[in-house]
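Reading through the structure tokens given below for one structure.
The values are calculated or read from the model by the stated rules, or taken from the named source; none is laboratory data. Computed from a prediction, not measured in an experiment: that's the story for all the values here. Ideal geometry is used to build each Cβ from the backbone, glycine not excepted, and the neighbour counts take in all protein chains shown.
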Amino acid sequence: MALMKKSPWVAVYNASSCNGCDLEVLAMLTPRYDIERFGCLWRDSPRHADILLVTGIGTKQSAKRLKRIYDQMASPKYVIAVGSCAISGGVFKEGHNFAGPIDKIIPVDAYVPGCPPRPESIILGVVKVLEKMK
Amino acid sequence: MSDYLVPFGPQHPAIKEPISLRLKLSGSTVEGVDAQLGYIHRGVEKIFERENINNALYLAERICGICSYAHASAYTRAMESMMHIRAPPRVQYLRTMFAELERLHSHLLWAGFMCHEIGFETLFQLFWREREQILDVFERYTGNRVHHSYNKLGTVRYDIEDEDYIREQVHSILPTVKSLRSEIKGNGVVAARFKKVGPVTHKQAIEYCLVGPPARACGVKNDIRKLDPYEAYGKTKFKQPIYKSGDSYARTMVRLDEIFESVKIIDQCLRDMPATKVPKHSLKALPQGEGYGRVEAPRGENFHYYIVKDSKITRAKIRPPTLAVFPALETMMLGAHVGDVPVIVASIDPCIGCMERITVTKGRRTETLTEQEFRRKYCG
Ligand code: SF4
């Protein structure tokens, strides 16, 4: 597959999600979905990563941290917003602590809708970003 | 005197949710812990105050993605107590069964995570592979893997059709879980990393009002399913696993044993469920006044309190299990080796999304406010 020429490393940051999206992102690593098929490697530190998956609405406190983490990543870098919360604030957008959505805080390259999105659709998001990298 | 101040989090490989712990170390021994919260504070209780009672159910289950059904059931229990109704028997059995399925998935997830903390990646992958079997059941009957939206006030959304499928899926996890449990029990590395790590005594557990598996690991019998039976728990037989040592190892064992008890409960539900119809709507009156509901979530007692006026919620108060267990974390950590901190944090099975409260930080100053002060200053 032409996509497999690159091996992007992915990391996740939980910008105040309900955990649902994080679970599905983690499920992506486990035997049934196994994102390593696409040459992706999971990294714990965003400094090593090429793709940052962001979940959650981005609260006032985590927005600052998210900005800092994004700045620490080495270019070229890509961001995927995972879940309705990351895209629009979801059910929490009327909350007093809402500082998002994520694309107001950092630039976003792909959006994966769903509450939470299935692991397959998150993988599709990653693959779309791989196409964009070419 | 502490030598170093080590920040742990908010983005840290060992904790998947952002909390920040400031560890005061002397050499490599932990001398003090300062937790800085507020990264995931979404203001859920405040958002509740504008919701009407039917929409609020979906908000309640989005408090947390792991124990989403526990929040939904606490919510329905609170509302149904206000209306003085009880769901019909078949619905009660269905709800009990789904609550136990959720316990299975949560404990499997957590067991894998605990093994991940001590570097057993293989066990992590194996536990999570089994977890998918449970998620398949959820997906088949509710259409979603994480947020099921299964409860409705007075009833449930869907009936189940083939009971054998559920039985098969649930029993298919048992051989692996059995062998992994004996692996964990007999393994020297696991014993070295878990035994005598983060101990709490029986007395401390009572003083801190611990809930759930951390309390049962020090011999406190506090299972809400036994103490205040709801839905069909009064009609099912199961044991609460009790251990005495109160350390991370005991907490692990309590949860692994609970997996087998949950399977027993699911079997009984499938056997005893009356073959009646699930009502589409059984709301005769609207809830009014105040009411509370508590359920045993996978992590312990989950308590919801609501005041309702004209089918709008005017006040919500939620005490999820992690909020009750969190204060004890400092006791567990004092005197521990710094390398054991991830294991201790994981051993209480924290769900930060549930317990997040507010700390206002301005520059280097932090202030913790009461609700009135907060409203006056920041919501005005
Ligand atoms: S999109 Fe849904 S599952 Fe994801 S963080 Fe938001 S509420 Fe949770």
Worksheet item: Got a number for residues in the stretch A:9-43 being more than 16 Å from the ligand (Cβ to nearest atom), in contact with a strand residue (DSSP E or B) (Cβ under 7 Å, 6 or more places away or on another chain) and in contact (Cβ under 8 Å) with a residue 24 or more places away in the chain?
Response: 7
Item to complete: Determine whether A:P116 is over 12 Å from the mean Cα position of the chain (by Cα), within 11 Å of chain B (Cβ to nearest Cβ), in contact (Cβ under 8 Å) with a residue 60 or more places away in the chain and closer than 28 Å to B:E61 by Cα.
Response: yes
Discussion item. Just the residues that are within 10 Å of chain A (Cβ to nearest Cβ) and over 21 Å from A:G100 (Cα atoms), please, taken from the stretch B:37-55.
Written reply: B:E51, B:N55
Discussion item. Looking at A:I106, A:I80, A:I87 in this structure, which one is modelled with pLDDT of 90 or more, more than 10 Å from every other protein chain (Cβ to nearest Cβ) and over 24 Å from A:K6 (Cβ atoms)?
Written reply: A:I87
Discussion item. Criterion first (surrounded by fewer than 19 Cβ atoms within 10 Å (Cβ to Cβ), away from the ligand (no atom under 15 Å from the Cβ) and in a helix (DSSP H, G or I)) does B:E80 satisfy it?
Written reply: no
Discussion item. Condition first: under 13 Å from the mean Cα position of the chain (by Cα) and either farther than 27 Å from B:P350 by Cα or crowded, with 23+ Cβ neighbours inside 10 Å (or both). Now tell me which residues in the stretch A:21-37 satisfy that.
Written reply: A:C21, A:D22, A:L23, A:E24, A:V25, A:M28
Worksheet item: Looking at the stretch A:87-130, which of its residues are among the hydrophobic types (A, V, I, L, M, F, W, C) and within 14 Å of the ligand (Cβ to nearest atom)?
Response: A:I87, A:V91, A:F92, A:F98, A:I102, A:V112, A:C115, A:I122
Item to complete: Would you mind telling me which numbered condition in (1) within 20 Å of the chain's Cα centre (by Cα); (2) within 30 Å of B:T276 (Cβ to Cβ); (3) within 16 Å of the ligand (Cβ to nearest atom) B:I134 fails?
Response: (3)
Worksheet item: Among (1) more than 9 Å from every other protein chain (Cβ to nearest Cβ); (2) more than 19 Å from A:K134 (Cβ to Cβ); (3) surrounded by 20 or more Cβ atoms within 10 Å (Cβ to Cβ); (4) at pLDDT below 85, where does A:C40 come up short?
Response: (2)
Worksheet item: Got a sec? Which strands (runs of 3 or more DSSP E) wholly within the stretch B:305-380 have at least 2 residues that are modelled with pLDDT under 80?
Response: B:360-362, B:365-367
Worksheet item: Mind checking which pairs have a first residue in the stretch A:50-71 that is facing another protein chain (nearest Cβ under 9 Å) and within 9 Å of A:S16 (Cβ to Cβ) and a second that is within 16 Å of the ligand (Cβ to nearest atom) and basic (K, R), Cβ under 8 Å, 6 or more apart or different chains?
Response: A:I57/A:K93; A:I57/B:R42; A:T59/B:R42
Item to complete: With the condition kept exactly as written, say whether any residue in the stretch B:40-63 is hydrophobic (A, V, I, L, M, F, W, C), modelled with pLDDT under 85 and not in a helix (DSSP H, G or I).
Response: yes
